[in-house]
Amino acid sequence: MPVGEASDAARGSRVGLAPWSVRDLPAPPPFTPRNVIRVIGPGAILLATAIGGGEWLIAPAAGVRYGPAVMGVATIAIVLQLVLNLEGIRYTLYTGEPIYTGFMRLKPRPGFWAFIYASLAIVQLGWPALALTSAATLFSMGAGRLPGTTPSDIATVQMLASGVILAVALLLLFGGTVERMLEIASWSMLAFIFTFLMAVNVIFVPFDHWLRTLQGFFLLHPRGQAIDWSLLGALAATAGSGGVGNLTITNLMRDKGYGMGAVVGAIESAVGGRNVKLSPVGSVFPETPDNLARWREWWRYVHVDQIVVWALFCAIGMFLTVNLASHVVPPGTRMEGIATGAYQAQYLATRLWSGLWALTLLNGFWILFSTHLGNTDLLVRTVTDITFTGSRISRRLSRGSASLIYYSVLAAFSIWAVYAMRLAGPFALFKIMANMAGFVMALAGVQILIVNRKFLPRSLRPPLYRELLLVGCVIFYAFFTVQVVLEMLRG
């Protein structure tokens, strides 16, 4: 790197964090079908977290209540969240740091933004809504009916949810790196989920209903009811990954070794770890012809991972769940309560075929369990990375091991989740999580724009249309955030 470029990198890093080192960009594997399958993966992890709350809970609830014509909100949301993901990843490819570290390089100081984003992650994801909903499907499979509101039913669901929380904590102990374990689990669960959804839609839903649902994804016309802004705001957020999930894709990209993440390290599993050290500070590369060619090759993998795996299958999953629910559930039904996540099984078994009771509950369980697994990692990973990067004390106490911080946070969250499930019903908890995600995306969109303009060389910055779409993302989620706040004040 020329001296001027190196000094620019150091100057851009003087807000409390150490300056970047300078190294050549590692070359990606040759872009072949075999290598594409090997290299992609973070998008599948993020998809597994997206397919649960948005696709199985919020989207069917909104589609049944307002009609499929409201689903244009989901189409806009997925496009805008895709741009948010790509522009966050841009910073990680260049520095090897997750985007949170880029935020901590902004004024006033690292500790300020570390506290803000750790707090937002806890408020958004620190609720066991998905553990409760997956537990409701287990209850229904065992009892042969939906859980009711009796104290015994609620106590049983909460006990099962505690088991789900424990199972997730145990899963996250294994795998070499946490990212690798999540990737294997996510691909397995997604294969079952999409096979089931496609099969029941093809077999049981008429083609004319498919066309009406598809048309709805290009419309914004709720059926004549008073608008529940918290429900539509939740739909806008969870149509993709929602807030912290979108930002933490950059942590997963680093752990997978994309771009300069290959020289920074990863969070390793407690059992079966590969002794991969994680550096709290990234590295950047000089703008040589070889490095720029490698940069373009890395983007080919990123685009497959994010556009083909994440965005496309978010849209397909959203369509299949809404298409199915709007066909079998009576229009205007409010799919809320402790049985949230199991309603589809009741309606499918009653209206189509009794054998769908068990199959739909099993599918619902895998959808909701995979999302709880992914969301747990998103929360713990975010707090871990922020703490590890922003606090010298934490690095000293953990002897430089991000894994020790990760599993300490995981233990604390698991204990809290067992208690928090008694504070409110799962649908109410999930709406809190989803609407907080909208605020996170509005704030983070502004900061991603600033970070990429401030720290990236001009040749690596996004084109103007991407920046304009990022501004559109900020406006879109700020609008829903304001509407939800006004609705709360009126209520």
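Overview of results
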item	result
Matching entry among 17, 25 (being out of contact with any strand residue (DSSP E or B) (no Cβ under 8 Å at 6 or more places or on another chain), under 24 Å from residue 116 (Cα atoms) and assigned to a loop (DSSP other than H, G, I, E, B))	17
Subset of the stretch 220-257 that is hydroxyl-bearing (Ser, Thr, Tyr) and out of contact with any Ser or Thr (no Cβ under 7 Å at 6 or more places or on another chain) - its residue that is nearest to residue 99 (Cα to Cα)	238
Test: residue 472 is within 16 Å of residue 78 (Cα to Cα) and either surrounded by 17 or more Cβ atoms within 10 Å (Cβ to Cβ) or of a type in the set (Val, Ile, Thr) (or both)	no
Residues being farther than 13 Å from residue 192 by Cα and of a type in the set (Val, Ile, Thr) - total across the stretch 339-377	4
Unique residue being out of contact with any Lys or Arg (no Cβ under 8 Å at 6 or more places or on another chain) and either surrounded by 24 or more Cβ atoms within 10 Å (Cβ to Cβ) or in a helix (DSSP H, G or I) (or both) when the list is 86, 80	80
Elements of type helices (runs of 4 or more DSSP H) in the stretch 291-399, at least 3 residues being among the charged types (D, E, K, R) and farther than 27 Å from residue 148 by Cα	356-390, 392-397
Residue match in the stretch 206-213 (condition: surrounded by 19 or more Cβ atoms within 10 Å (Cβ to Cβ), under 20 Å from residue 137 (Cα atoms) and in contact (Cβ under 8 Å) with a residue 12 or more places away in the chain)	no
Residue within the stretch 172-180 that is surrounded by 22 or more Cβ atoms within 10 Å (Cβ to Cβ) and under 29 Å from residue 63 (Cα atoms) present	no
Matching option when the condition is touching a residue at least 24 places away in the same chain (Cβ under 8 Å), in contact with a Pro (Cβ under 8 Å, 6 or more places away or on another chain) and of a type in the set (Ser, Thr, Tyr), among 389, 360	389
Test: residue 447 is among the polar types (S, T, N, Q) and modelled with pLDDT of 95 or more	yes
Odd one out for residue 479, checked against (1) touching a residue at least 24 places away in the same chain (Cβ under 8 Å); (2) within 30 Å of residue 83 (Cβ to Cβ)	(1)
Filter result for residue 332 (without any contact (Cβ under 8 Å) to a residue 12 or more places away in the chain and surrounded by fewer than 22 Cβ atoms within 10 Å (Cβ to Cβ))	no
Which listed residue is in a helix (DSSP H, G or I), closer than 30 Å to residue 235 by Cβ and either out of contact with any His (no Cβ under 7 Å at 6 or more places or on another chain) or of a type outside the set (Lys, Arg) (or both), from 423, 486	486
Leading residue by the ranking (modelled with the highest pLDDT) among those in the stretch 36-46 that are over 12 Å from residue 373 (Cα atoms) and assigned to a helix (DSSP H, G or I)	36
The stretch 341-362 - residue that is in contact with a helix residue (DSSP H, G or I) (Cβ under 6 Å, 6 or more places away or on another chain) and surrounded by fewer than 23 Cβ atoms within 10 Å (Cβ to Cβ) and, of those, modelled with the highest pLDDT	357
Identity of the residue in the stretch 256-271, buried (at least 19 other Cβ atoms within 10 Å of the Cβ) and not in a loop (DSSP other than H, G, I, E, B), that ends up modelled with the lowest pLDDT	268
Among (1) of a type in the set (Val, Ile, Thr); (2) out of contact with any strand residue (DSSP E or B) (no Cβ under 8 Å at 6 or more places or on another chain); (3) over 30 Å from residue 345 (Cα atoms); (4) modelled with pLDDT under 90, the one test that residue 288 misses	(4)
Number of the exception - residue 414 against (1) closer than 18 Å to residue 91 by Cα; (2) touching a residue at least 24 places away in the same chain (Cβ under 8 Å); (3) part of a helix (DSSP H, G or I)	(1)
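Yes/no per residue for (1) at pLDDT 85 or above; (2) under 22 Å from the mean Cα position of the chain (by Cα); (3) among the acidic types (Asp, Glu):
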position	(1), (2), (3)
377	yes, yes, yes
387	yes, yes, no
402	no, yes, no
417	yes, yes, no
434	no, yes, no
443	yes, yes, no
460	yes, no, no
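The values are calculated or read from the model by the stated rules, or taken from the named source; none is laboratory data. Here the structure is a predicted model, which means the values were calculated and not measured. We place every Cβ from the backbone using ideal geometry, glycine too, and count neighbours over all the protein chains shown.
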